[in-house]
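Asks: Would you mind keeping the following structure in view while I ask a few things?
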Amino acid sequence: MHQETPDTPADLPVHEARTLEAALTMAIQYVVARPRTAHEVRQKLGRSGVTEAVATAVIAQLRARGFLDDAAYTRAYVTSRLTHRGYGPQRLRRELQQRGVGRQLVEETVVQSLDTEDILVAARQQAAKRWGRLTREVDLARRRQKVYDFLRRRGFTAAIAQQVLAEVVADPMAY
């Protein structure tokens, strides 16, 4: 049996219509503070005791009013986290999925938004920062391993981490 979910206050019982207005106000304040995913809004509403039907209606209204757009959120998130935090594609995928963004949207966004050169630039910046902090490490093998592990934790693939590490070791003065 397929049950339709209400998208407008007219589709809801009277007692839920009042709740809808309060939930909508709360949700707008939540997404205006900083961009959120539909999943995050649904969780916030659920924690506030809002029913699933009201939460679905609120999310539909937020989307219709332009307050909620998971695709735009994902694009901005990927660009920002790569540029400002130096996160690699694997970490970006994991974080977005934890925020409730669908796997397909995450994959499409990461593939479209990041090219290999952008990823290499971010990995080089992160490696340079870490390499410089490890100057007291006299054992070159340990130093290399620490930088490699750091890059992997940041979300860079093994191939990218190895390539960047080889560049750092070949010309440590550049880093």
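Asks: May I ask you to say which residue of Val41, Val50 is over 30 Å from Arg124 (Cβ atoms), aliphatic (A, V, I, L, M) and modelled with pLDDT under 95?
Replies: Values: Val41 fails: modelled with pLDDT under 95.
Only one candidate passes the filter, namely Val50.
Asks: Take Thr116 and tell me if it is closer than 30 Å to Ala38 by Cβ, surrounded by fewer than 16 Cβ atoms within 10 Å (Cβ to Cβ) and hydroxyl-bearing (Ser, Thr, Tyr). Don't jump to the end; show me each part of the working.
Replies: Details: closer than 30 Å to Ala38 by Cβ: no; surrounded by fewer than 16 Cβ atoms within 10 Å (Cβ to Cβ): yes; hydroxyl-bearing (Ser, Thr, Tyr): yes.
No, not satisfied.
Asks: Right, next: Cβ contacts < 7 Å: first residue farther than 19 Å from Leu151 by Cα, restricted to the stretch 64-91; second residue among the hydroxyl-bearing types (Ser, Thr, Tyr), any location; separation 6+ or different chain. Result?
Replies: Here the result reads Asp70/Thr37; Tyr73/Thr37; Thr74/Thr109; Arg75/Thr109; Arg75/Ser113, each pair linking the stretch 64-91 to a residue that is among the hydroxyl-bearing types (Ser, Thr, Tyr).
Asks: Tally time: how many residues in the stretch 105-128 are in a helix (DSSP H, G or I), of a type outside the set (S, T, N, Q) and free of Cβ contacts under 8 Å to residues at least 12 places away in the same chain?
Replies: The qualifying residues number 4.
Asks: Further question on the same structure: Is there a residue in the stretch 93-107 that is over 19 Å from the mean Cα position of the chain (by Cα) and either not β-branched (Val, Ile, Thr) or not assigned by TED's automatic domain parsing to the domain that holds Arg143 (or both)? Full working, then the answer.
Replies: Of the stretch 93-107, the ones over 19 Å from the mean Cα position of the chain (by Cα) are none.
No, the stretch 93-107 contains no residue that is over 19 Å from the mean Cα position of the chain (by Cα) and either not β-branched (Val, Ile, Thr) or not assigned by TED's automatic domain parsing to the domain that holds Arg143 (or both).
The values are calculated or read from the model by the stated rules, or taken from the named source; none is laboratory data. Source: prediction; values computed, not measured. Cβ sites come from the backbone with ideal geometry, for glycine too, and all protein chains shown count toward neighbours.
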